[in-house]
Amino acid sequence: MNNYPVMEKLDGVFINGKKVSTNQILDLYNPANIDERVGKISTGEVSHVKQSIEAAEEAWKTWKEVPIEKRLAYLSEVANYIESNLSSLSELLVLEHGKTLEESSMDLKAAVGVLRYYASLNHALDEEVVENEQGKMVLKRQPVGVVSVIVPWNFPIILSFLMLAPSILAGNTVVIKPPSFAPMTLTKILTHFAEQLPKGVLNIVLGSGSTIGKEMTEHPRVRKIAFTGSTETGRTIMKGASNTIKKLSMELGGNDAAVFLKDQPITDKLIEDCIKATFTACGQICYSIKRVYVPSENYELFIKKFTEAMENFKVGSGLDPDVDMGPINNKPQYDSILRLLEKTKKRGSEIKELGTYSSSIKPERGYFLLPMLVTNVSNTDPIVQEEQFGPILPVVKYSTEEEALELVNNTEFGLANSVWSPNEEKAFEFASHLQSGSVFINTHRVGASAANMPFGGFKQSGIGRSHGMEAIYEHTELQAIIRRSDM
């Protein structure tokens, strides 16, 4: 086995201002070459979660009284740290995750943007005074207390700070669980952040969800859970949280559609945008395009132009600047995709592999897949109804726009969709009937998201909203203090 030089061992447990050494070690391997070890990190157990919650509860007594300006300064400091170490952090993220260098840098830069945004909201918790003939009412946003934050593996940096930043701003204390897949880059950043904060404000426990997840989500002293991950895990968390009626914000599964209306030409620009919105990060983005709806008269043209545009698409190591897409991050996800593809073949659909592998890799020694276009599918097929979370695009034809609307909405998910038409008024009207938390017009994800854009899902795609002021509301309780006018 040819290993990369093993990194200095990272501690995956940080409690009450100190790193905690444990005997459980997680070895991490490059998903682009599973023979190459890229690092090792210690993991925690249930007792560490309990200690973290106790430390967080104690720290909250004083942290909630710290002026908001000082709390915001901590957010600015960790943003500076990420920016100052962007190059080395990006390379580490490529090695442990598989993303391209550009995508890894994007994850980190997006986190900086989120931190800068929240660091600017010094009036976010200002009181509101309401007066009427009955008296005066003061509305206050109060911190909830101890918050459990559970981070997914697909975009660990940005997704952690979308949950963490508003919680810290609001005056909460946090116990955070990095993902077991690709934990190193995030843990390095979180450890730095925790070392700057007063002890107990931010505690880190790395471990498998099956080992420590129950304690993080069911402990009676945890008042709020922020989770990004699968709908299945979300259901489990809801059940556990119900015993103590915890606040929940959860961004769950998505099965996002792009709908090309009948007046939308199949242009080169449309194809280019569709490719980017589908295959960035190997399709492992919660609101990537996962199914596309094309009018029957444009169906063959779309397939032809899409296939031609993918001829020079390269798959390989994320450190290779000539590569467009890296591997799937981990074996469970890789195997899940293979099972779904096998099921799709048995149903008679056509799966067309696109692009080529880089000559510098051995595809069989990594979790590699070529991008795939799936045709001859029904809207009820699993490849259309399930979240593939991989480089797969099923193409569904429709006859009328009324039918397209019905087909798109016929899913248990409702995270995001996109509508494409040169007639903006028509596109907005169609968008208003889509059952999803976000709808993009003439784009999909790319260039359309912002730190202040409320984001979350309808139906089984989640509860609550991230981004913007709405995320702060999710991490606070609204208190009304009333004085009668006759007193």
For Lys136, Lys276, ascending order of other Cβ atoms within 10 Å (fewest first) is Lys136, Lys276
Rounded to the nearest Å, the spacing of the alpha-carbon centers of the range 418-474 and the range 206-221 is 31
With +1 at each Lys and Arg Cβ and -1 at each Asp and Glu Cβ, the charge dipole magnitude of the range 166-293 around its Cα centre, to the nearest 20 debye, comes out at 560
Taking a straight Cα-to-Cα line shorter than 17 Å from Lys304, and setting aside same-chain aspartates and glutamates fewer than 8 residues away, one finds Asp268, Glu272, Asp273, Glu350, Glu353
Computed about the Cα centre, the charge dipole of the range 286-415 from +1 Lys/Arg and -1 Asp/Glu charges at the Cβ has a magnitude in debye, to the nearest 20, of 540
Any lysines whose Cα falls less than 24 Å from that of Lys305, other than same-chain ones fewer than 8 residues away, would be Lys262, Lys269, Lys276, Lys290, Lys314, Lys345, Lys352, Lys397
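Kindly identify the chain as rounded, prolate or oblate by the Cα gyration tensor criterion: order the square roots of the eigenvalues as a ≥ b ≥ c, call it rounded if a/c is under 1.5, otherwise compare a/b with b/c, prolate if a/b is larger, else oblate. Intermediate results must be reported in sequence, preceding the final value.
Numbers: a/c = 2.03, a/b = 1.28, b/c = 1.58.
Because a/c hits 1.5 or more and a/b fails to exceed b/c, the chain counts as oblate.
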For the range 257-451, the charge dipole (Cβ of Lys, Arg +1; Cβ of Asp, Glu -1; about the Cα centre) points to a positive end, and the Cα of Thr307, Leu434, Ser418 closest to that extreme belongs to Thr307
Here the range 199-208 yields Karplus 3J(HN,Hα) values (6.51, -1.76, 1.60; θ = phi - 60°; whole Hz; Gly and Pro given as x) of 4, x, 6, 10, 10, 10, 9, 8, x, 6
Length-normalised contact order of the chain, Cα under 8 Å, at least 6 apart, in percent, tallies to 19
Any residue on another chain or 5+ positions along whose placed amide H is under 5 Å from the amide H of Ile289 is listed here as Thr278
The residues Lys19, Lys362, Lys246, sorted from fewest to most surrounding Cβ atoms within 10 Å, come out as Lys362, Lys19, Lys246
In whole angstrom, the spacing between the Cα centers of the range 7-63 and the range 313-387 equals 32
From DSSP H assignment alone, runs of 4+ in the chain each adding -39500 (n - 2.57), the sum over residues rounded to the nearest 500 puts [θ] at 222 nm at -11000 deg cm²/dmol
Going fewest to most other Cβ atoms within 10 Å around each Cβ, Ile245, Ile266, Ile351 line up as Ile245, Ile351, Ile266
Given Cβ charges of +1 for Lys and Arg and -1 for Asp and Glu, the option among Ser336, Thr185, Leu354 whose Cα lies farthest towards the positive end of the dipole of the chain is Thr185
About its Cα centre, the chain carries a charge dipole, from +1 on Lys and Arg Cβ atoms and -1 on Asp and Glu Cβ atoms, whose size in debye to the nearest 20 is 1420
Checked against the positive end of the charge dipole of the chain (+1 on Cβ of Lys and Arg, -1 on Cβ of Asp and Glu, about the Cα centre), the farthest of Val377, Thr400, Ile225 is Ile225
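Readers should treat all values here as calculations from the given coordinates under stated rules, not as data from a laboratory. The structure displayed is predicted, hence computed values, not measured ones. All Cβ positions, glycine included, derive from the backbone under ideal geometry; neighbour counts span all protein chains shown.
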